[in-house]
1. Which FRET efficiency value, to the nearest 0.05, do you get for residue 383 and residue 234 by plugging their Cβ-Cβ distance into 1/(1 + (r/R0)^6) with R0 = 35 Å?
2. Cα to Cα, under 17 Å, and not fewer than 8 places away if on the same chain: which aspartates and glutamates meet these conditions relative to residue 278?
3. Which of the peptides 68-80, 401-413 is most tightly packed, and how do the rest follow, going by the mean number of other Cβ atoms within 10 Å of each residue?
4. How much length is gained if the chain between residue 358 and residue 59 is pulled fully straight, taking 0.36 nm per residue apart and subtracting their Cα-Cα distance, in nm to one decimal?
5. Could you pull out every one of the aspartates and glutamates with an alpha carbon less than 16 Å from that of residue 584, ignoring same-chain neighbours closer than 8 positions?
6. Tally Lys/Arg at +1 and Asp/Glu at -1 over every other residue whose Cβ is under 10 Å from the Cβ of residue 523; what's the total?
7. Counting other Cβ atoms within 10 Å, which trypsin sites (Lys or Arg not before Pro) in region 189-248 have at most 16 and lie in a DSSP loop?
8. Sorting check: for 82-90, 466-474, 524-532, 372-380, which peptide has the highest mean count of neighbouring beta carbons within 10 Å, and how do the rest follow?
Amino acid sequence: MPSLINTLFFTFVLTFTSFTQFHAKPITNLTQKSQINPKCNETCGDFQVSYPFYINNASCGWSNTFQLSCLNSTSLFLNIDSQNYRILEFFSDGILLNFPGFSNTCRPYNDLNSFKFNANNFNNFLGISNDNIIGLYDCEDSSLCKTNCEANNLPNCDRNGNNNNVNGPTCCYPLSDHSVWYKGSDFDVFSKYECRGFSSWVVPRGMKVGKRGVKLEWAIPMNLSNNGVVICDVNAQMINATNVKDGIRCFCDDGFVGDGYVNGTGCLKACFKDGKEKFGEDCEPDRNPKKKIIILAVLTSTLAAVFLLTLVCLIKRSVKPSVYGSSDNQPHFRSTFSFRKSCNTRLFTLKELNEATNGFDQGHGGPVYKGTLKDGSGIAVQRIQCQNEQDLMNVLSRIELLSSIIHRQLAHVFGCCIDSGYAPMVIYEFPENGSLDEHLQKGKDEKIGLDWYKRLSIAAQTASVLAFLQHEISPPVFHHDLKTSSIFLDQECNVKIACFAMLEGSNLYRSDVYDFGVVLLELISGSSHTDLPTVGIQKIRDGKIEEMADPLLYYHEQPPFRKEQIEMVADIATRCLIFGGEGKFRMVDVARELVHIMKESIDGGSKRGPALEETFSNSSLLQMISMSPDSIYLPSKV
């Protein structure tokens, strides 16, 4: 009998592997958008004009602000205040312009008034980009000079004496610094330092060589989207502009390429097929009749193998029935009495949970299911996969520990279920208001999201209860699987943490501080993309928080103090991601800073509410942090 089972199993694996290999179509995240043909295909010399810019066909663009002129079929120009600026390069978020009146690419320096630009004249379509680096000449006051931008390989005439050029700039200032130049300013702000002139260049990301010119950022007004105009493709997300007030741009999701705009190239699915890059319909499965016959044959043999294997298993079970009668895919215990005795919380039956969750079809995120008990109580059922009986004992011990901790910001553990083989379940309370990830996603659909004060309060409450568990409970309790889906919210948007990782020593364990940094980025951006930590840190370092901020936060309309709060929280998120995994930035430090921001908030400092108060009422350490600003200088060891 075992040899027959092994033979059938081998046959099944072989046929299934053949089937999956035949149908495998790897998807890659391509970024070479030039391979996708634009709808209008307007060109000028070597330039391919990209949306929203256009030359003659107004239907290819969006506004006459973006209309370009093509001179001698070779050179592109953008008109600003009756002055033509030659376009040197297109970027996904802007364009690089030459200085007015100069056709050559190299000039020692330009007058500070040579590039006058007022974004208000363009209905908030264009703005000077933070990516520009300014070289200043013969400044009487060098206090604005920044040494960090001098490491780049500058264009020939800006090399500060290299290549026999002795007229290079003596002062380097990146516009991303914001200590002198601010959004909406012209270059004449440097005149107060008595500089004779300036040059400008940009350094494309990932490069060290500068390109001379002035980069303008472009964007489309957000109010169009708010008025129901569809701007972004269905497979794209919306991001905020940095220096264009109330402006947005579109960005294709992973696995898609294009410019992201409904009226542009949109977003096409990308794949490799027959060793070549394919897009859109070319990525659809082949409809070759011969291949259909092969697929049918493979499916037939697979089904036959599965049928025989199932028949053998049924015969075997009739000889040696299972103790539980649970899922065939789960191993079973020799005895259940000892495990039932070990569970000190309420024991749920598999049938009871099956009815509550409608057959476990109400997935909440990962192996977690939503449901409702007969008494109307909302529950979240977390399934744990154990490898052996020792794993199960560890899970039951952790359930007992969590159920013994009483805290307002912890979701109550109703009980557990061990009627499902090596996949025990933990049953938490699930408030009617759902989870944080549901609110962030629901807000995008309904255009009514959590405001900033609620997000800040959620962050402070979450950090505080995690710090309480790690610094006031002995032994410390760590979550190890913190996500926005494990942060539940009641009707007042007060936090209830749930869905803890249950198996000690798992290789999947992660740092709570690192995971909390990801949660902070999701609160700021409203996004849950897998590459959010990498992209988020880069945006924060580049001073482009506006671009990652959730459009529903209306960042550009926020008062200065609230923008500063968002920047402070972004800084905390960055430190969580960089230092959290190494233990250099502890959860108690995170909680201390977030509570301090809450206290100093003009519109929220005196309205912390009962949830935050409750978090600290159970902890002398955290209560001290919440009440005394001086407590930020607590000893480093707790």
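Readers should treat all values here as calculations from the given coordinates under stated rules, not as data from a laboratory. Note that the structure is predicted; figures quoted are calculated from it, not measured. Here Cβ is always computed from backbone atoms with ideal geometry, including for glycine, and neighbour counts include all displayed protein chains.
1. Values: r = 33 Å, r/R0 = 0.93.
With R0 = 35 Å, the Cβ-Cβ based efficiency is 0.60.
2. Excluding near neighbours in sequence, the set is 253, 254, 259, 286.
3. On the way: 68-80: 15.2, 401-413: 17.8.
Top to bottom by mean Cβ count within 10 Å: 401-413, 68-80.
4. This chain segment gains 102.5 nm when fully extended.
5. 512, 515, 571, 593
6. Working: positive: 454, 455; negative: 522, 550.
Once all neighbours under 10 Å are counted, the net charge is 0.
7. Values: sites: 192, 196, 205, 208, 211, 212, 215, 245; in loops: 196, 205, 208, 245.
Passing sites in region 189-248 are 196, 205, 208.
8. Values: 82-90: 16.2, 466-474: 19.6, 524-532: 17.9, 372-380: 14.2.
My ranking of the peptides, most packed first, is 466-474, 524-532, 82-90, 372-380.
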